[in-house]
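Enquirer: Questions regarding the structure given below will be posed in turn.
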């Protein structure tokens with residue numbers, strides 16, 4: 001019974017890793033589609049999101065099945081419950097990728113990234129992609145140092161998110177309304193993607209170290 | 001044992017109702033703060049959000065405790081797992097209320113609602129408040145007719161959300177950039193609040209009827 005349980009727990013873990021890898025590909029493509037206004041890649045991201053949704057549902061069913069058959073307690077129970085929450089965050093990260101890709105599609109053939117913000121969004125996108133890659137690695141290895149990197153990247157994303165508003169609300173901004181709307185939404189999606197990565201990293205950290213640093217509240221969005 | 005379990009399940013339910021009622025108060029105050037640029041009420045909403053976060057954590061601990069001690073199966077297990085997910089959505093609804101309130105605080109003493117969008121946001125806010133009230137009632141009574149109302153209200157919120165972008169990206173819009181940014185964020189928060197309400201309503205519907213209508217995907221945001 002115990003062996004079966006351990007095997008099923010490894011199965012849960014490997015499915016979480018698989019899901020995180022799909023999210024990694026998804027955000028990499030979304031960022032490319034957004035920065036290059038590549039509508040073909042954007043379409044791919046949007047199509048692939050349903051695969052992420054399916055895998056999330058399958059993973060949740062497996063976890064609920066384990067709860068029903070194995071009735072885990074203590075740390076084992078926490079792991080299964082955490083898996084349910086981690087899968088929910090990964091699914092949302094997939095949604096954020098889809099939203100970022102969608103912005104490129106809406107504006108095609110115009111460029112979606114407003115002038116004066118190209119380097120900011122390029123760096124935000126790079127950080128999101130790095131975080132997703134690190135997340136897959138963290139889920140695979142449970143190396144707590146990686147969780148630290150994810151938090152550091154999130155701090156940088158938060159700063160860039162704030163700088164987007166500083167720029168579009170600053171005196172020198174001369175963009176059109178549509179550019180301000182796009183920048184606002186795009187920045188929010190990039191930032192939320194990063195928030196979910198941190199939320200997952202905290203859960204893994206908690207499972208590994210037992211140190212629960214509190215609820216994974218989103219940092220309040222800075223809007224002026 | 002079975003009696004204890006039933007009593008604990010009633011406790012879970014009554015805590016979900018309590019949480020939903022707090023969210024109802026929170027969104028009612030947030031909407032007032034936003035529409036009237038009332039910074040005192042806004043502050044109250046932001047302060048009270050930590051109470052919602054605390055109750056969510058307590059409820060989650062209770063649910064995990066029930067899983068550990070009672071090892072429920074079949075429908076009972078689904079109910080406990082759903083409670084964990086419903087609490088997560090309620091917590092996010094509290095966050096959205098906080099974000100809406102925060103927008104009022106950022107712009108004080110200026111009015112936060114852009115001209116030409118006052119009646120739109122008033123109606124979106126009214127619908128969000130109505131949905132939260134219905135949600136508490138749905139969790140209390142499990143009356144599936146209420147779930148239907150929540151879905152209908154969400155459709156209206158989605159239409160209003162789209163109309164915000166139509167307006168600020170339309171030819172007749174003459175607002176400043178800050179108004180476009182505020183409208184974009186505020187509309188998104190109102191819409192996400194409603195999405196979470198529908199997501200919870202679907203879960204309750206599923207538990208009552210056994211009819212699982214699919215994952216609670218967010219409707220793609222319309223941005224043009």
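Taken together, the values in this text are just the output of simple stated rules run on the coordinates, not laboratory data. Nothing here was measured: the structure is a model prediction, and the numbers come from that model. Counting neighbours? That spans all protein chains shown, and the Cβs are built from the backbone with ideal geometry, glycine included.
Enquirer: Averaged over all directions, how much area does the convex hull of the C-alpha atoms of the range B:62-118 cover when projected, in nm²?
Expert: Answer in nm², one decimal: 5.9.
Enquirer: Against the 2.2 N^0.38 Å scaling, with N counting residues, where does the protein assembly as shown land? I'd like the Cα-based Rg ratio to two decimal places.
Expert: Ratio of Cα Rg to 2.2 N^0.38 Å: 0.96.
Enquirer: Here's a follow-up. Mind jotting down a quarter of the surface of the convex hull over the alpha carbons of chain B, in square nanometres, one decimal?
Expert: Average projection, Cα convex hull of chain B: 12.1 nm².
Enquirer: Mind listing the label-point distances from residue B:111 to the same position on all other copies, shortest first, one decimal in nm, points 7 Å along Cα→Cβ?
Expert: 3.7
Enquirer: On a 0 to 90° scale, report how tilted helix B:2-36 is relative to the longest principal axis of chain B, with both axes built from alpha carbons and the result rounded to the nearest 10.
Expert: Approximately 10 degrees, to the nearest 10.
Enquirer: State the Cα centre-to-centre distance between the range B:149-214 and the range B:26-80 in whole Å.
Expert: For the range B:149-214 versus the range B:26-80, the Cα centre distance is 20 Å.
Enquirer: Before rounding to the nearest 500, sum -39500 (n - 2.57) across all DSSP H runs of length at least 4 in chain B and divide by the residue total; then give [θ] at 222 nm in deg cm²/dmol.
Expert: -29500 deg cm²/dmol
Enquirer: On to the next question. Assuming a viscosity of 1.567 mPa s and a temperature of 4 °C, what translational diffusion coefficient in µm² per second does Stokes-Einstein assign to the range A:167-212, Rh being the Kirkwood radius over Cα pairs?
Expert: 100
Enquirer: Between residue B:61 and residue B:110, with labels modelled 7 Å along Cα→Cβ, what's the label distance in nm to one decimal, could you check?
Expert: Each label point is offset 7 Å from its Cα along the Cβ direction, giving 4.4 nm.
Enquirer: I would also like to ask the following. From the convex hull of the Cα coordinates of the range A:34-81, what is the mean projected area in square nanometres?
Expert: 4.5
Enquirer: A follow-up question, please. How far, in nm to one decimal, is residue A:2 from itself in the other copies if the label point is set 7 angstrom along Cα toward Cβ? Shortest first, please.
Expert: In ascending order, 3.3 nm.
Enquirer: Using a 10 Å cut-off on Cβ to Cβ distances, tally the other chain neighbours for every residue of A:184-197 and report the average as a whole number. It would help to have the intermediate numbers written out before the result.
Expert: Working: counts 9, 6, 1, 1, 5, 2, 0, 0, 0, 0, 0, 0, 0, 0.
Averaged over the peptide's residues, the number is 2.
Enquirer: With viscosity set to 0.692 mPa s and temperature to 37 °C, compute the Stokes-Einstein D of the range A:98-200, Rh being the Kirkwood radius across alpha carbon pairs; µm²/s, no decimals.
Expert: 229
Enquirer: To continue, here is another question. Suppose each label sits 7 Å from its Cα in the direction of the beta carbon; what would the residue A:143-residue A:11 distance come out to in nanometres?
Expert: It works out to 2.9 nm between the two label points.
Enquirer: Which angle from 0 to 90°, rounded to the nearest 10, does the C-alpha axis of helix A:144-168 make with the longest principal axis of chain A?
Expert: Tilt relative to chain A: about 20 degrees.
Enquirer: Ordered shortest first, which distances in nm separate the 7 Å Cα→C-beta label point of residue B:68 from those of the other copies?
Expert: 2.4
Enquirer: Continuing with the same structure: May I ask you to sort B:177, B:141, B:172 by Cβ crowding, counting other Cβ atoms within 10 Å and putting the fewest first?
Expert: Fewest to most other Cβ atoms nearby, the residues stand as B:172, B:141, B:177.
Enquirer: Which of A:189, B:206 comes first, and how do the rest follow, when ranked by fewest Cβ neighbours within 10 Å?
Expert: Listing A:189, B:206 from fewest to most nearby Cβ atoms yields B:206, A:189.
Enquirer: Rounding to the nearest 10 and keeping the result within 0 to 90°, find how far the Cα-based axis of helix B:177-209 lies from the longest principal axis of chain B.
Expert: Around 20 degrees separate the two axes.
Enquirer: How large are Rg and Dmax for the range A:1-71 when calculated on the C-alpha trace, in angstrom?
Expert: Radius of gyration, then largest Cα-Cα span, for the range A:1-71: 16.2, 53 Å.
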